[in-house]
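Engineer: Dropping the structure in here first, questions after.
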Amino acid sequence: MTTIQLSYYSDGLKLEGMLHLPEDMAEGERRPAVIVCSGFQGLKEWVPGRWWPSFLECGFPVMAFDYRGFGTSEGERGRMFPEEEIRDVMASITCLQQQPQVDPDRIGLLGWGLGGGIVVATAARDQRVQATACVNGLGNAGRATRDAVPYPEWLALQDRLAEDRVQRVMTGTSALVRAEHVTHPGRAREDVNYNQFDKDLADLGREPIPEFTLASAEAYYNFRPEEEVASISPRPLLIAHGDRNFFMPLDEARSLYARAGEPKELLIIPGAEHLEWIAPESPLQRPYMKRIADWFATQLELD
């Protein structure tokens, strides 16, 4: 594997990415490529790193990057607005198109978790995306969050958001909440299954961003890629989801699928949770990752 380090800009902020090339690429050859977009704590070495081997084995150049405010990219830590991350993906497509190893007219996106919704919205708005896979993603972030907690805790959060909107106007600042309280408001961390998440980041020697602004949380809850998904058609869409996913309910995948136009495919992975099934030790990792990489090979006409 050959790795090319990439630096480029989105809204004036420097983003850091990397492009991995298969070993069998010939001099001057151009191939279709895939960008793998991470989720809520978007780090290019984390979830995208699980996917590189399958795409490289299939013969794809594969790109990953840190969203603004994460990893080695510039940007405010603790700020996470889906609309800004969509622009980061669009900038990443432009950067990828400039690489001499890549066919600029055959680019696919795979997004994980929140990133699944991000790539759906990006593909809906950007005709350069020729194939899209939303894996363990969401169609309505507010609904997914509301479904994850007792309803009184969701109502209490709405009161906090209302207060914070006033504070942002009157003081220019937004209160901070722990990262797990964005996706599971009011819940103690030990009551939310973060075991695989904590293990993955420890293995990478990386620290997650511990707190986010309530403004970021509100922007997240208002994110509804299912309202745009129909605009992807007639370009192909794959929605893959674990049927035991405790972070993103299976109903999110079904809602996206129901609203999408053709051609579309819904792949439900039996027994798969959220991060656990893409861990190297999982028996589900290789067969389902290969199946998804093969889907891209068909849609992007990888020889």
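Engineer: Which of the residues belonging to region 160-204 are hydroxyl-bearing (Ser, Thr, Tyr) and modelled with pLDDT of 95 or more?
Structural biologist: Correct list: Thr171, Thr173, Ser174.
Engineer: Out of the residues in region 158-181 meeting the condition of being touching a Leu at 6+ places or on another chain (Cβ under 9 Å) and assigned to a helix (DSSP H, G or I), tell me which one is nearest to Asp294 (Cα to Cα).
Structural biologist: Selected residue: His181.
Engineer: Name the pairs: first residue in region 81-107 and closer than 30 Å to Ser174 by Cα, second residue modelled with pLDDT under 95 and surrounded by 18 or more Cβ atoms within 10 Å (Cβ to Cβ), Cβ to Cβ under 8 Å, at least 6 apart or on different chains?
Structural biologist: Listed by first residue and then by second, the contacts come to Glu85/Gly42.
Engineer: Which of the numbered conditions does Glu84 fail, given that it passes all the others? Conditions: (1) surrounded by fewer than 24 Cβ atoms within 10 Å (Cβ to Cβ); (2) charged (D, E, K, R); (3) in a loop (DSSP other than H, G, I, E, B).
Structural biologist: Glu84 satisfies every listed condition except (3).
Engineer: Quick one: what pairs do we get from region 33-52, first residue of a type in the set (Phe, Trp, Tyr), second part of a strand (DSSP E or B) and surrounded by 24 or more Cβ atoms within 10 Å (Cβ to Cβ), C-beta under 6 Å, 6+ apart or different chains?
Structural biologist: Close Cβ pairs (under 6 Å, with a partner that is part of a strand (DSSP E or B) and surrounded by 24 or more Cβ atoms within 10 Å (Cβ to Cβ)) amount to Trp51/Val36; Trp52/Val62.
Engineer: Quick one: which of Arg68, Arg79 is under 17 Å from the mean Cα position of the chain (by Cα), surrounded by fewer than 18 Cβ atoms within 10 Å (Cβ to Cβ) and among the basic types (Lys, Arg)?
Structural biologist: Arg79
Engineer: All but one of (1) touching an Asp or Glu at 6+ places or on another chain (Cβ under 7 Å); (2) within 30 Å of Glu29 (Cβ to Cβ); (3) part of a helix (DSSP H, G or I) hold for Leu256; state the number of the condition that does not hold.
Structural biologist: All conditions are met except number (2).
To keep it simple, each residue is scored yes or no on (1) out of contact with any helix residue (DSSP H, G or I) (no Cβ under 6 Å at 6 or more places or on another chain); (2) small (Gly, Ala, Ser); (3) part of a loop (DSSP other than H, G, I, E, B).
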position	(1), (2), (3)
Asp200	yes, no, no
Ser216	yes, yes, no
Phe223	no, no, yes
Glu226	no, no, no
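Engineer: Considering region 20-50 alone, what residues qualify as being at pLDDT below 95, under 30 Å from Phe212 (Cα atoms) and out of contact with any Gly (no Cβ under 7 Å at 6 or more places or on another chain)?
Structural biologist: Listed by number, the residues that qualify are Gln41, Glu45, Trp46, Pro48, Gly49, Arg50.
Engineer: I'd like the full set of residues that are without any contact (Cβ under 8 Å) to a residue 24 or more places away in the chain and assigned to a loop (DSSP other than H, G, I, E, B), limited to region 1-22.
Structural biologist: Gly12
Engineer: Inspect region 36-47 for any residue being assigned to a helix (DSSP H, G or I), under 18 Å from the mean Cα position of the chain (by Cα) and over 16 Å from Ile107 (Cβ atoms) and give the result as yes or no.
Structural biologist: Checking region 36-47: at least one residue is assigned to a helix (DSSP H, G or I), under 18 Å from the mean Cα position of the chain (by Cα) and over 16 Å from Ile107 (Cβ atoms).
Engineer: Given the condition without any contact (Cβ under 8 Å) to a residue 60 or more places away in the chain and not in a helix (DSSP H, G or I), answer yes or no: does some residue in region 289-299 qualify?
Structural biologist: no
Engineer: Under 9 Å by Cβ, and 6 or more places apart or on different chains, what pairs join a residue from region 145-162 that is over 21 Å from Thr213 (Cβ atoms) with one that is of a type in the set (Val, Ile, Thr) and part of a helix (DSSP H, G or I)?
Structural biologist: Qualifying pairs under 9 Å: none.
Engineer: Only one of Glu228, Glu207, Glu180 is within 30 Å of Tyr257 (Cα to Cα), out of contact with any His (no Cβ under 6 Å at 6 or more places or on another chain) and free of Cβ contacts under 8 Å to residues at least 60 places away in the same chain; which?
Structural biologist: Glu180
Engineer: Right, here's the next one. Of the residues in region 114-157, how many are more than 11 Å from the chain's Cα centre (by Cα) and in a loop (DSSP other than H, G, I, E, B)?
Structural biologist: Total satisfying the criteria: 8.
Engineer: Tell me yes or no: at least one residue of region 212-226 is farther than 23 Å from Trp46 by Cα, modelled with pLDDT under 90 and not hydrophobic (A, V, I, L, M, F, W, C).
Structural biologist: For region 212-226, residues farther than 23 Å from Trp46 by Cα, modelled with pLDDT under 90 and not hydrophobic (A, V, I, L, M, F, W, C): absent.
Engineer: Please go through region 268-283 and pick out each residue that is within 20 Å of the chain's Cα centre (by Cα) and modelled with pLDDT under 95.
Structural biologist: Ala272, Glu273, His274, Leu275, Glu276, Trp277, Ile278, Ala279, Pro280
Engineer: Go through (1) modelled with pLDDT of 95 or more; (2) out of contact with any Ser or Thr (no Cβ under 6 Å at 6 or more places or on another chain); (3) not in a helix (DSSP H, G or I) and name the single condition Glu207 misses.
Structural biologist: (1)
The values are calculated or read from the model by the stated rules, or taken from the named source; none is laboratory data. Values in this document were obtained by computation on a predicted structure and should not be read as measured data. Neighbour counts run over all protein chains shown; Cβ positions are idealised from the backbone, glycine included.
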